[in-house]
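The block underneath contains the structure these notes are about, expressed in structure tokens.
The values are calculated or read from the model by the stated rules, or taken from the named source; none is laboratory data. All of these numbers come straight from a predicted model, not from anything done at the bench. Virtual Cβ from ideal backbone geometry, glycine too; neighbours counted across all protein chains shown.
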Ligand code: SF4
Ligand code: SF4
């Protein structure tokens, strides 16, 4: 009989149990004491089944050993010694329905946040002198709705996210588009779910009324208490925005109770104080949840998180994740959305070939109606894959899928965190490494450290409060997300 050997997995412990994260299948496997003994024995090298049984027989019955070996082979944690057959590279050949369309209703902003990827030093789209209009017209917005409903295929619900620049600078078009989309969707038997991201400066009472009445999901870009918010989130004259946004956010939170409102924080080297930011935004301001994203920058910027900064970030995330675990074990809400979203991904167990839905289930529309990979590329001629008038260029989309598949990223092919990371955000790769095809190797340690932490939390919940995880059974998969080091992600698109 041929010898058996260990296959690819990542081990972690939680609540006194040992678990395996089975990398090719992205499944989590709880290990009993006999399976643990098998794994420990095989860690010394390949062994024949009979030899293994002999070694373990003083401690376990023959039935236990046979069952453990069968389970481990079924889970593909153990297999015949020798190189495993490579998994086939699967590229979707059929048209994947669009899940989320992000509509950039303007590329203008009334703030001048230093780190902004759209206006700052790392911008890839010329929003001042380029060919795109500064504001999307009502007609292009209607065409975007028609495009979305066409591309949604059989999906009963289409998701439209309004984005900018500062989204609310084009409130009249946004408002008219919601009405048009509801009417067109009803005519074709679909629903539309709306959301938007805003810097909160333009949340006037009538805007808040509209958002609440129309049940529009809102994410606020805010960096924390006054001195942190005012470091980078400033008006064009350099004045901090905290005093303007704080009362408006409170008014929104008081009135808009039809959907939970989330905050999305950009972390920089100078504002890396996660617990304090979290506490301010949840306890003092009243946000339901907070997602954190390390700033996307080219290396060397003053505000970039680099080197030890990622260790610090990981230590702070871990501390807050422990609070999340404690609350979740008692079925209390905790608003650290980065953990929740990663738990959802672990629970759903998809080994991703692509880091996000960009160019597949998620697309971004520029103010002129050109369709790009996602909102961050909207308006960039190099990343356009169609237009709302002429539809998606299927050839360009297929070429994108072929060149961005995880198998094309040599370093990622052997990384245990690849089912969740898959190389990371294309926009960040483009900013950091000059190409959307590049893996984000500058943050691998952070990604692996954070994935490990989330696996531990998942294991602890699976062992001690499995009911908590049931909320993820039917949760929709995210079609895309903002770059937050990919897996420390927040679904808020900012
Ligand atoms: S970018 Fe790094 S962490 Fe992510 S899959 Fe690739 S090697 Fe792994
Ligand atoms: S992860 Fe990056 S490329 Fe993907 S949707 Fe988010 S911003 Fe776009």
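Taking segment 446-462, which residues are more than 9 Å from ligand 1 (Cβ to nearest atom) and either under 12 Å from residue 314 (Cα atoms) or in the same structural domain as residue 9 (by TED's automatic domain parsing) (or both)?
Scanning segment 446-462 gives 449, 450, 452, 453, 454.
From the list 174, 149, 168, exactly one residue is in a helix (DSSP H, G or I), assigned by TED's automatic domain parsing to the domain that holds residue 230, in contact with a strand residue (DSSP E or B) (Cβ under 7 Å, 6 or more places away or on another chain) and over 22 Å from residue 99 (Cα atoms). Which is it?
It is 168.
Which ones in segment 426-445 are touching a strand residue (DSSP E or B) at 6+ places or on another chain (Cβ under 8 Å) and within 10 Å of ligand 1 (Cβ to nearest atom)?
Once the filter is applied, which keeps residues that are touching a strand residue (DSSP E or B) at 6+ places or on another chain (Cβ under 8 Å) and within 10 Å of ligand 1 (Cβ to nearest atom), segment 426-445 yields only 443.
Does any residue of segment 197-217 turn out to be in the same structural domain as residue 272 (by TED's automatic domain parsing), out of contact with any helix residue (DSSP H, G or I) (no Cβ under 6 Å at 6 or more places or on another chain), within 25 Å of residue 377 (Cβ to Cβ) and free of Cβ contacts under 8 Å to residues at least 40 places away in the same chain?
The answer is no, given that none of the residues of segment 197-217 is in the same structural domain as residue 272 (by TED's automatic domain parsing), out of contact with any helix residue (DSSP H, G or I) (no Cβ under 6 Å at 6 or more places or on another chain), within 25 Å of residue 377 (Cβ to Cβ) and free of Cβ contacts under 8 Å to residues at least 40 places away in the same chain.
Can you run down the residue pairs with Cβ atoms below 9 Å, 6 or more apart or on separate chains, where the first is in segment 396-410 and touching a residue at least 40 places away in the same chain (Cβ under 8 Å) and farther than 15 Å from residue 88 by Cα and the partner is outside any loop (DSSP other than H, G, I, E, B) and more than 16 Å from ligand 1 (Cβ to nearest atom)?
Taking only residues 6 or more apart or on different chains, the pairs are 400/383; 400/385.
Does residue 423 satisfy the criteria of being closer than 17 Å to residue 359 by Cα, near ligand 1 (Cβ under 9 Å from one of its atoms) and either within 21 Å of the chain's Cα centre (by Cα) or surrounded by fewer than 16 Cβ atoms within 10 Å (Cβ to Cβ) (or both)?
Criteria met by residue 423.
Against the definition (touching a helix residue (DSSP H, G or I) at 6+ places or on another chain (Cβ under 6 Å) and crowded, with 22+ Cβ neighbours inside 10 Å), how does residue 379 come out, yes or no?
Here the answer is no, as residue 379 does not meet what is asked.
Go through the residues of segment 333-355 one by one and say whether even a single one is out of contact with any helix residue (DSSP H, G or I) (no Cβ under 9 Å at 6 or more places or on another chain) and closer than 24 Å to residue 455 by Cβ.
yes
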